[in-house]
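The values are calculated or read from the model by the stated rules, or taken from the named source; none is laboratory data. All of these numbers come straight from a predicted model, not from anything done at the bench. As a convention, Cβ positions derive from the backbone with ideal geometry for all residues, glycine included, and neighbour counts pool all protein chains shown.
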Amino acid sequence: MRKIITLVAILVTPLLAAQSSQEPDEISIQAFTKLRMEYAGRPDYNPDSGWDDRKKVFELSKAGEKEQALAMCESRIKDCPIDSEVYIVRALILRGRGDFQGYVKNKLIYQGLVASIVSSGDGFSPATAIKVVCVSEEYALLNELGAELKQQELVSSEQRVYDKMTCEISGKEVSFFFDVTLIFEARAKLMGLVDSDESVEKTQGKQFPKRHISFKNKRRS
């Protein structure tokens, strides 16, 4: 375990330091969570930005256009440095080119981001919902679990907003709750529906845009 942590520190510290105003003392789940929360705290935070670029990454990779896909990965990561699935696409492309250090680095970043997402709760109820800052984080976790999405429902409880995802995993039905309050607050502010300091609980009765784009069951190759 110590060897793994040391390897993560060597490979990932430069990236985290570049994205954060303060270099983390230790590469850990907390460091990746800090990176995600800092992204959500940026003045230009838009949880729906870059969807076209993200879609293009998968399309180009699937079509075998690896160099173009790699360039699109760079563009997407620059816009959204917490998009875990783009890191794993880049990792696999780099492995194919023989860049094994780049492969391991990007795979570890992917794993760190996914671990951070799930560290906020088990997702089995609103009380233990998994906190996300982008819709792509929901699908990254479902893809990692091999979950097939069957139904999606937006629910609210205790002044929070949740995505309830009913899925099938290994033949069993499982429901996950994702806390998407930050996403809805950001959408409302971008549309001018609330003031910059107004939280989601003050927006009852206002119309919010719905943008749930599914990238479920992507097969990485």
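Checking the structure you have, find out if any residue of region 6-22 is farther than 30 Å from Lys189 by Cα, in a helix (DSSP H, G or I) and at pLDDT 95 or above. Walk me through it before giving the result.
Taking region 6-22 as the starting set, the residues that turn out to be farther than 30 Å from Lys189 by Cα are 6-14.
From the residues that got through so far, the ones that are in a helix (DSSP H, G or I) too are 6-14.
Right, trim to at pLDDT 95 or above and you get none.
There is no residue in region 6-22 that is farther than 30 Å from Lys189 by Cα, in a helix (DSSP H, G or I) and at pLDDT 95 or above.
Out of all the residues in region 41-55, which are among the aromatic types (Phe, Trp, Tyr) and at pLDDT 90 or above?
Kept after step one, since they are among the aromatic types (Phe, Trp, Tyr), are these residues of region 41-55: 45, 51.
Tyr45, the sole residue that qualifies.
Need the failing condition index for Ile82 against (1) of a type in the set (Val, Ile, Thr); (2) over 21 Å from Thr181 (Cβ atoms); (3) in a loop (DSSP other than H, G, I, E, B), just the number.
For Ile82, the exception is condition (2).
Given the options Tyr103, Tyr162, name the one that is in a helix (DSSP H, G or I) and aromatic (Phe, Trp, Tyr). So that I can check it myself, show each step before the final result.
Values: Tyr162 fails: in a helix (DSSP H, G or I).
Exactly one residue qualifies, and that residue is Tyr103.
Ala140 versus (1) within 20 Å of the chain's Cα centre (by Cα); (2) outside any helix (DSSP H, G or I): which is the lone unmet condition?
(2)
Taking Gly64, is it in the same structural domain as Leu35 (by TED's automatic domain parsing), out of contact with any strand residue (DSSP E or B) (no Cβ under 6 Å at 6 or more places or on another chain), over 24 Å from Thr166 (Cβ atoms) and assigned to a loop (DSSP other than H, G, I, E, B)?
yes
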